[in-house]
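**Q** Quick one: the structure is below, and I'll ask about it shortly.
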């Protein structure tokens, strides 16, 4: 493998309920009550929709109302940015070390998310993660997961064939994007948005306990400790 594409929220960055809280806030901002007897059904619907681009997710939750969906999406992303700024965003345990091991083995590491560039950058910066590239729907004409464009763009950026790409994701959308792109290896991670059986049914070749297990799955040595510093110096995500 020459490229590792890692889903951001839920795989590299711990969700810790942030996404669902953001969905609630987005819905409340457009007049949808999220408390009361409808809450469990609404939360199930929100979880099912959370692996889509944010505006599409809210459009699905709001019966296709695009105007309200855009308003709710803005509130959702602002919430994630606020949480990042408040220090309430963290990397999944072992994620930084795993990324360091991949880069030390000369794999290009790409983080992807169904979020705006600004929100992605805030989450990555707050979590201390470092990668070679950060991709979102805005980089591929608005086509986020489960479309294959993000995975194909990652392969193209590294001048690699999709078969030389490993994709790691906690959602069926990430796994489907990998399979549709022809990625050489599609790996789910347990404990995220979707359960193991669902990830396998979507096409995952295997399901890891965590992204921290990725180097070992690829036969690479694991570094002794987490490192959030980029190889060769300091800085943020390399554009």
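**Q** Note down the nm distance, to one decimal, between modelled labels 7 Å out along Cα→Cβ at residue 74 and at residue 118.
**A** About 1.0 nm, to one decimal.
**Q** Compute the orientation-averaged projected area for the chain from the convex hull of its Cα atoms and round it to one decimal in nm².
**A** Average of the hull's projected areas for the chain equals 12.2 nm².
**Q** For n ≥ 4 DSSP H runs only, could you compute -39500 (n - 2.57) per run for the chain, divide by its residues and tell me the 222 nm figure to the nearest 500?
**A** Helix-only estimate at 222 nm: -12500 deg cm²/dmol.
**Q** Per residue, what volume in Å³ does the Cα convex hull of region 34-155 take up?
**A** 122 Å³
**Q** For region 61-86 and region 158-220, write down the distance between their C-alpha centroids in whole Å.
**A** Region 61-86 and region 158-220 have Cα centres separated by 27 Å.
**Q** Let me have the relative contact order for region 18-85, percent, based on Cα pairs under 8 Å that are six or more residues apart.
**A** Result for region 18-85 is 42 percent.
**Q** Can you give the FRET efficiency to the nearest 0.05 for residue 63 and residue 16, using r as the Cβ-Cβ distance and R₀ = 35 Å?
**A** For R0 = 35 Å, the calculated efficiency reads 0.75.
**Q** For Cα pairs less than 8 Å apart in space and 6+ apart in sequence, what is the mean separation divided by the residue count of the chain, i.e. the relative contact order in percent?
**A** Reported as a whole number, the value is 25 percent.
**Q** Ok, one more. With a Förster radius of 41 Å, plug the Cβ-Cβ distance of residue 161 and residue 41 into 1/(1 + (r/R0)^6) and report the FRET value to the nearest 0.05.
**A** Working from the Cβ atoms, E equals 0.40.
**Q** If you build the convex hull over the alpha carbons only and average its shadow over all orientations, what do you get for region 18-85? Give it in nm² to one decimal.
**A** 4.1 nm²
**Q** Would you please classify the overall shape of region 119-225 from the alpha carbon gyration tensor, given that a ≥ b ≥ c denote the square roots of the eigenvalues, rounded means a/c under 1.5, and beyond that prolate means a/b larger than b/c while oblate covers the rest?
**A** Because its axes are fairly even, with a/c under 1.5, region 119-225 counts as rounded.
Read-outs: derived from the displayed coordinates by stated rules, not from any lab. None of these values were measured; they are calculated from a predicted model. Using ideal geometry, Cβ is built from the backbone for each residue, glycine included, and neighbour counts are taken over all protein chains shown.
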